[in-house]
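Enquirer: The structure follows.
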Amino acid sequence: MRTKQTIAALVAGCAALLIAGCGGGGGSADSAGSAEAPAAAPVQESQALNADDGEAKDAAERNPASGVEVTRQERQVIYTGRMTVRVKDVAAAAQQAKDVVTEAGGHLAKEESRSSEHSNASAEMEFKIPPAKYPEVLTRLGRDLGERLSLNQQTEDVTLKVADVESRVKSAERSLESLRTLLTKANTIGQVLDVEREIATREADLESLQAQRKTLAEQTAMATLTLRLVGPAAAVTTPSDEPPGFLGGLQAGWESLVDFLLVLVTVLGALLPWLVVITPLVLLAIVALRRRRRRTPRPPTPDPDPSTA
């Protein structure tokens, strides 16, 4: 009986301990739930921020260039043109063209004029014009001076070429600096001579690149316009006016023949005054020589030898 009572007491104690453990677990679970409840709001806010960041990221992925700052590169362009204008007065038109170009900020680089008759006079001028004013100057010269006969324009974009030359100049300068530093560390005469020879070669290359850079800078800084002014009666030949083939050769031959005859007539006109003076003197000298020959007696002819006969 005592053994049965002892076993019953142990069973009751275990049951009590199990009931107490279940109650403690529920309380801890409730306390954990109450502790996590206040932190729900910050978690929701962080989730909202993460959602906004995700939307911004998605927008950036859809448009990759939206966040890229674009820098506009200045183009380097060479403008060249040639214009022929028929005018009434070549000298006055040339002065007017100079005034128009000077007003636009340009200048006269070269001039060649041919003064003959008023109607056959001509002049050829080379102007340097700022690229921004180049179209305006072309319009004014072709409209205000007279009748525009022809206009040829050329445009060349040398942006990449300018960048390449600039990069090569910088590389050559750095190479020269390295060679000069190496020259100070040379120990033998042979090393010094080799380094000096290489420095001279690199300096020549650098000077060539600097000359190319200067030429490109001058060509891009100013547009070049060659203006030809011709009088009312001056002949103007353009490549489009020359007929090809047989007709072109025939026209060229006729023009060369006319030019030869003009030269021949000019030479005869220059020699005619001398011929007027020299020809009578030459004729008088010829007549005097003939008279002298007639007056001079001829020597007698000897008789033939009878023995010879």
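Enquirer: Mind listing just one residue for me: the one in the range 101-134 that is assigned to a helix (DSSP H, G or I) and touching a strand residue (DSSP E or B) at 6+ places or on another chain (Cβ under 9 Å) and, of those, surrounded by the most Cβ atoms within 10 Å (Cβ to Cβ)?
Expert: Per the criteria, the residue is Val101.
Enquirer: Out of (1) part of a loop (DSSP other than H, G, I, E, B); (2) modelled with pLDDT of 70 or more, the odd one out for Pro300 is which?
Expert: All conditions pass for Pro300, except number (2).
Enquirer: Could I ask something else about it? Going through Arg213, Arg180, Arg202 one at a time, which residue ends up being part of a helix (DSSP H, G or I) and farther than 29 Å from Gln76 by Cβ?
Expert: When all the criteria are applied, what remains is Arg180.
Enquirer: Next question. What number goes with the only condition from (1) surrounded by 12 or more Cβ atoms within 10 Å (Cβ to Cβ); (2) under 30 Å from Tyr79 (Cα atoms) that Ala186 does not pass?
Expert: Only one criterion in (1) surrounded by 12 or more Cβ atoms within 10 Å (Cβ to Cβ); (2) under 30 Å from Tyr79 (Cα atoms) is unmet by Ala186, namely (2).
The values are calculated or read from the model by the stated rules, or taken from the named source; none is laboratory data. As the structure is a prediction and not an experimental result, all values here were calculated from the model. Virtual Cβ from ideal backbone geometry, glycine too; neighbours counted across all protein chains shown.
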